[in-house]
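**Q** Starting off with a structure, shown below.
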Amino acid sequence: MCGIIAMIGNGPTSKTLVDGLRRLEYRGYDSSGIAVIGDGTIDVRKSEGKIARLAQLLQGDPVDGRCGIAHTRWATHGEPNQKNAHPHTSNDGKLALVHNGIIENYRALKVGLSQRGYEFHTDTDSEVLVNLIHAHYRGDLAAAVRESLVLVEGTYGIAVIHADEPDRIVGARNGSPLIVGLGDGEFFLASDVAAMLTRTRQVIYLDDGECAIITADGVETCTVANESVDKEVTEVTWDLDQIEKGGFDHFMLKEIHEQPETIRNTFRGRVVYDEGDGHLGGLNMDTSQLRDIERVVFLACGTSFHAGLVGEYMIEDLARLPVEVEYASEFRYRRPMLPPNTLVVAISQSGETVDTLCAMREAKKQGARVLGITNVVGSTIARESDGGVYIHAGPEIGVASTKAFTCQVTALAILTLCLARVRSLKLEEGQEIIHALHRIPRQIDRILEQEEQIRTLAADYAGHSNFLYLGRGYNYPIALEGALKLKEISYVHAEGYPAAEMKHGPIALIDKDMPVVVLCTHDSTYEKIKGNVQEVKARSGRVLAIVTDGDTEIAEMADHVITVPPTLDILSPLLNVIPLQLLAYHIAVLRECNVDQPRNLAKSVTVE
Ligand code: G6P
């Protein structure tokens, strides 16, 4: 999971390449580099650490040319250091390559190349690939790339240049995204449209097994087997200011505050009050196909997995269909059973998470209908699924997912309506949900107004090094998500638990140094969870409770409370997660952590 940008035009490229890398930094940020063709030679600059370090290096030791490739890395093979940073060059320095993905058979390829006299100076699989291309080079870069890729097992998004062909860049993809950008007298290859949005909105999404050759005048696309392919040009509609910080200190905070709007974007035009029903045209399923479903399986990772858990509660509750939620990484390796009429739904913000993608392919192989709930238009999961729902959250840059989560949950609520209304859910019940959904954005605004109070609480709790998060029913997944947010960005150990399960283990940990965040809003589990709060208090635990406006009972027991407006049980996750996002954010800021780019994490995990 790394970020690639490559550019060819009629003027200097290095500034644009570095700007592009900055927008890709979310894909990995342990080292970066750039290679440009100068006067018939390839000049490379690489640096450990963030893009700012590369930019600094380039200031003191500039390189430039009309044709260049650049990379921001998240290490998979070999330590994150300058030596292993991309671009990698062939032994004679004439070829340079940037690579996102993993070459699985690189050891065997390396042995063959070593026997032919090639030497290797890094610990990476990518250096093997660049020399493999070199070994096939006979004056035609595109041909050499294609012939090499036929021998490669694994995943790649690559961009390659050759000093003797300064008028072209060759790209290819298999399992790692690569997009062509068509500008005005300049053409690009990038892992994400964000990297080239300042220069062009016209893009071509390459599919697996496809190559692109870009020059200053145009693009040619073909398969690795050298069959020409006609690709559709798509216009990107996201604005650049949508991917800037918009006055907030961090992308994560901006994204938390965007949620009233993004949730509206998810349900806009997709719920019809008069019918008490959802309309999701992208599912590509008619009423009878929806009715035929006998089981639903959600596949996801990380925060998207937690959204899937909320979806499980929703669909079982209202559509009375059995649902299973699976970590995608487990599903694909455990001989899963998918009886006929199982609907498989892959949930992924990026649409590129490789575990989710491969699990989805496994389900397709078994003949299941597969839907995708994704944010990134044109992403691999979106393109490979039989249908699905775009959540319309806009670009999410903060590594810890916030607005994508609430949009996923909103999309799942609408999917639930579609599945439930063709079964037993009554018109009025559907209408009640739609009515409540319309109120959610304004209710989130009211929670966001309490940010200062939450920040003060964060200061009170920021010194602790362990937290427990408890919830029941619909809010058990929210306890998991609250704990994940805290550990991701503040490096504080936090565990989410079903509140009643606490007494089977975690209760042993509770003392005055163990804050317990409890979700105890007014829902069907309220009476039960009051008992759990008492159990914590009886052991001197510190309780921070999320309660419904006007609640006094919990306030008497808890050390602190944050209030949220009342809503239906099934929509309560949309409100209850907001204070937990803010709490995690402010604790992380107070602990001086890098909120948007937490250590060891990446936004889009395109490796297993
Ligand atoms: C990474 C991110 C998480 C995200 C997960 C799944 O681990 O750091 O924030 O939830 O991947 O990503 P996806 O794009 O599939 O939702």
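The values are calculated or read from the model by the stated rules, or taken from the named source; none is laboratory data. If you're wondering where the values come from, they're calculated on a predicted model, not measured in any experiment. Cβ: placed from backbone, ideal geometry, glycine included. Neighbour counts: every protein chain shown. Keep in mind that these areas ignore ligands, DNA and RNA; they rest on the heavy atoms of the full protein, side chains included. Shrake-Rupley method; radii C 1.70, N 1.55, O 1.52, S 1.80 Å.
**Q** In the list 361, 295, which residue meets the criterion of being basic (Lys, Arg) and either under 27 Å from residue 238 (Cα atoms) or within 15 Å of the ligand (Cβ to nearest atom) (or both)?
**A** Unique residue meeting the criteria: 361.
**Q** For region 314-326, does any single residue satisfy the condition of being surrounded by fewer than 24 Cβ atoms within 10 Å (Cβ to Cβ) and either closer than 24 Å to residue 155 by Cα or at pLDDT below 95 (or both)?
**A** Checked region 314-326: at least one residue is surrounded by fewer than 24 Cβ atoms within 10 Å (Cβ to Cβ) and either closer than 24 Å to residue 155 by Cα or at pLDDT below 95 (or both).
**Q** Now for a different question. May I ask you to list the residues in region 369-378 that are under 22 Å from residue 406 (Cβ atoms) and surrounded by fewer than 24 Cβ atoms within 10 Å (Cβ to Cβ)?
**A** Scanning region 369-378 gives a single hit, 377.
**Q** Which residues, taken from region 463-502, are open to solvent by 10 Å² or more (accessible area, probe 1.4 Å), touching a Phe, Trp or Tyr at 6+ places or on another chain (Cβ under 6 Å) and not in a strand (DSSP E or B)?
**A** 474 - this is the single residue of region 463-502 that is open to solvent by 10 Å² or more (accessible area, probe 1.4 Å), touching a Phe, Trp or Tyr at 6+ places or on another chain (Cβ under 6 Å) and not in a strand (DSSP E or B).
**Q** Restricting the search to region 16-36, which residues are at pLDDT below 90 and within 15 Å of residue 65 (Cβ to Cβ)?
**A** If the condition is that a residue be at pLDDT below 90 and within 15 Å of residue 65 (Cβ to Cβ), then no residue fits.
**Q** What do you reckon, is residue 439 away from the ligand (no atom under 16 Å from the Cβ), among the charged types (D, E, K, R) and either assigned to a helix (DSSP H, G or I) or without any contact (Cβ under 8 Å) to a residue 24 or more places away in the chain (or both)?
**A** Against the criterion (away from the ligand (no atom under 16 Å from the Cβ), among the charged types (D, E, K, R) and either assigned to a helix (DSSP H, G or I) or without any contact (Cβ under 8 Å) to a residue 24 or more places away in the chain (or both)), residue 439 qualifies.
**Q** Right, next: In this structure, is residue 404 in contact with a helix residue (DSSP H, G or I) (Cβ under 9 Å, 6 or more places away or on another chain), of a type in the set (Gly, Ala, Ser) and open to solvent by 10 Å² or more (accessible area, probe 1.4 Å)?
**A** Judged against the criteria, residue 404 is not a match.
**Q** Taking into account only those residues within region 484-529 that are hydrophobic (A, V, I, L, M, F, W, C) and within 16 Å of the ligand (Cβ to nearest atom), which is farthest from residue 474 (Cα to Cα)?
**A** 489
**Q** With 372, 388 as the choices, which residue is without any contact (Cβ under 8 Å) to a residue 40 or more places away in the chain, closer than 28 Å to residue 201 by Cβ and within 14 Å of the ligand (Cβ to nearest atom)?
**A** 372
**Q** Identify all residues within region 311-355 that are touching a helix residue (DSSP H, G or I) at 6+ places or on another chain (Cβ under 8 Å), within 14 Å of the ligand (Cβ to nearest atom), outside any strand (DSSP E or B) and among the aliphatic types (A, V, I, L, M); write none if there are none.
**A** 328
**Q** Determine whether residue 393 is within 22 Å of residue 174 (Cα to Cα), within 11 Å of the ligand (Cβ to nearest atom), in contact with a Cys (Cβ under 7 Å, 6 or more places away or on another chain) and open to solvent by less than 10 Å² (accessible area, probe 1.4 Å).
**A** Considered against the rule, which asks whether it is within 22 Å of residue 174 (Cα to Cα), within 11 Å of the ligand (Cβ to nearest atom), in contact with a Cys (Cβ under 7 Å, 6 or more places away or on another chain) and open to solvent by less than 10 Å² (accessible area, probe 1.4 Å), residue 393 comes out as no.
**Q** Let me ask you something else. If you go through region 571-589 one residue at a time, do you hit one that is more than 30 Å from residue 438 (Cβ to Cβ), within 14 Å of the ligand (Cβ to nearest atom) and open to solvent by 10 Å² or more (accessible area, probe 1.4 Å)?
**A** Within region 571-589 (the criterion being more than 30 Å from residue 438 (Cβ to Cβ), within 14 Å of the ligand (Cβ to nearest atom) and open to solvent by 10 Å² or more (accessible area, probe 1.4 Å)), the answer is no, since none of the residues qualifies.
**Q** A further question follows. Determine which member of the set 422, 399, 354 is among the aliphatic types (A, V, I, L, M), under 25 Å from residue 571 (Cβ atoms) and touching a residue at least 12 places away in the same chain (Cβ under 8 Å).
**A** Residue meeting the stated conditions: 422.
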